[in-house]
Each structure stands twice: as C-alpha cells, then as structure tokens.
Ligand code: C5P
C-alpha cells in the first residue's frame, strides 16, 4: 500500500448531535481531509443514513467499538460493511476469535482494535482484575495483530511502546491530537501532529479543534500543513 498523503492522514471526528449539521460540515471539508469519523452519538440517532449521507463527501470511519460474541460481531460487521464504511473499531478485549470474526465480516474496509480506554485509571483496572494500562495496552495490541487485525487505535502516551511491539505494518490511528498551541480540551496528554507521526502514528484523529473552529476548512488545512511539514521529504 502506498503511504497516505498528508491530507489522507487526517481524520475529522464529526462529534455532533445533528446529522444535517454534520453533513454540511463534511461537505465543506470534502477534499481537505482524509476521513470522517462517525461515532455512537450520530450513529445512534441516525444509523445507516449517517454513513450514506456523510459518505457522499468522503471516506467514513465508524467508531462503534463492537464487543460481543464472535458470531454477533461478524454479522454486525458485515452489515456495517454493506454501508460502505472504510474503518470500523472493535474492542481488542473481545479476544482473538471475536477479532478474527470482525475482520471476516468487515469486507469493505479495515478493522481497528481499541485496547484500553484512556478513561480507565490504573486503580480501576486493578479493581477489574487487570494489569496496569501500560502493560495491558501492549498485550492487547499484540493479541489483535496476531489475530489478523490490520490496525489499532492508540493514544499518544502509548505510541512508541505499541509501535515497537507490533512493527511497522499495522495501521496506527491516534486520537488526542492537537495542533501546536491549541487547547487540550479534556485530554490528559495530547500530541501535536508532528509528534504523533514521529512516534509511529499513521492517521490522526482531530475533532473539536476543527469542528468548533470559526473556519473549519482553514483549521483542517492548518493541521494538514503541520502533517506535511512533519513527513519525510
Ligand atoms: O475533539 P477531539 O479531537 O478530542 O476528539 C477526539 C475523538 O477521538 C473523539 O471522537 C473521541 O471519542 C475519540 N477518542 C479520544 N480519546 C481516546 C479514544 C478516542 O478522544 N482515547
């Protein structure tokens, strides 16, 4: 696969409650960004219509974090594949059989495994009888890649360890990215586009700094310029 262009590396998280507003924004951003991420809020309210309408303006990344028995996940992934989505998230904690089933079902694109939610503290993980996040993230990344999952979602603090563990091939998608100098919002630790790419990310997810900007197209172009500046010549 050819390396993505700077524009193709940018995923905009369309975290909006209203589909018309999300479609309008996607229309403005079409051609300026690589992907539109549709999450549980939009999909929960509008379902397949959200994928169809946003998909008219670019590639759709469905961030639904599936986690169920393998048969259910395979059948759900096949239905989501039929909508034409290009990326779909599942929880790595569902185990190898569930991960293989997701890949089998999602023929239209690539499955991404999510390891540990960054909202979970080490104390909560201990309460759940699990390892600390630093170890668990790497363990789940290895399990997912060994099960044949082509990509992972990975937060900035874990990028170097995860990339070292899985090698250069799997697609690594990183949220919590902020253009240099902007507010971190509710993220405990953010990365700049250049920093995340340097530490092993392939695609970068940016939501509020673009979606809530006075000029979302200019904000997206600014992030793409920062990505381009960080890429090897
Ligand atoms: O607005 P912001 O750029 O923070 O949006 C980040 C997007 O990435 C949201 O859709 C959020 O659900 C997702 N995400 C995240 N942090 C994680 C995993 C996913 O912010 N650790």
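Values computed for the structure shown
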{"quantity": "Qualifying residue in region 169-176 (condition: modelled with pLDDT of 95 or more, in a loop (DSSP other than H, G, I, E, B) and closer than 16 Å to residue 229 by Cα)", "calculated": "no"}
{"quantity": "The listed residue being within 15 Å of the chain's Cα centre (by Cα) and buried (at least 19 other Cβ atoms within 10 Å of the Cβ), out of 42, 66, 25", "calculated": "66"}
{"quantity": "Residue within region 181-189 that is within 15 Å of the ligand (Cβ to nearest atom), under 24 Å from residue 17 (Cα atoms) and surrounded by 19 or more Cβ atoms within 10 Å (Cβ to Cβ) present", "calculated": "no"}
{"quantity": "Hits in region 164-180 - residues which are touching a helix residue (DSSP H, G or I) at 6+ places or on another chain (Cβ under 9 Å) and away from the ligand (no atom under 11 Å from the Cβ)", "calculated": "164, 165, 166, 167, 169, 170, 172, 180"}
{"quantity": "Test: residue 99 is within 14 Å of the ligand (Cβ to nearest atom) and either farther than 22 Å from residue 176 by Cα or not in a loop (DSSP other than H, G, I, E, B) (or both)", "calculated": "no"}
{"quantity": "Among (1) buried (at least 16 other Cβ atoms within 10 Å of the Cβ); (2) part of a helix (DSSP H, G or I) - the single one residue 152 does not satisfy", "calculated": "(2)"}
{"quantity": "Selection count where residues are buried (at least 20 other Cβ atoms within 10 Å of the Cβ) and over 17 Å from the mean Cα position of the chain (by Cα), scope region 205-223", "calculated": "1"}
{"quantity": "Hits in region 1-16 - residues which are in a loop (DSSP other than H, G, I, E, B) and more than 18 Å from residue 214 (Cα to Cα)", "calculated": "1, 2, 3, 4, 5, 6"}
{"quantity": "Single residue of region 17-55 satisfying the filter (touching a strand residue (DSSP E or B) at 6+ places or on another chain (Cβ under 7 Å) and part of a helix (DSSP H, G or I)) that is nearest to residue 213 (Cα to Cα)", "calculated": "29"}
{"quantity": "Selected residue [under 29 Å from residue 147 (Cα atoms), in contact with a helix residue (DSSP H, G or I) (Cβ under 7 Å, 6 or more places away or on another chain) and within 16 Å of the ligand (Cβ to nearest atom)] from 213, 201, 220", "calculated": "201"}
{"quantity": "Any chance residue 37 is within 16 Å of the ligand (Cβ to nearest atom) and on the phi > 0 side of the Ramachandran plot", "calculated": "no"}
{"quantity": "Any hit, region 70-89, residues being within 16 Å of the ligand (Cβ to nearest atom), within 26 Å of residue 45 (Cα to Cα), in contact with a helix residue (DSSP H, G or I) (Cβ under 7 Å, 6 or more places away or on another chain) and not in a helix (DSSP H, G or I)", "calculated": "yes"}
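The values are calculated or read from the model by the stated rules, or taken from the named source; none is laboratory data. All values reported here derive from a predicted model rather than from experimental measurement. Note that each Cβ is placed from the backbone with ideal geometry, even for glycine, and that neighbours are counted across all protein chains shown.
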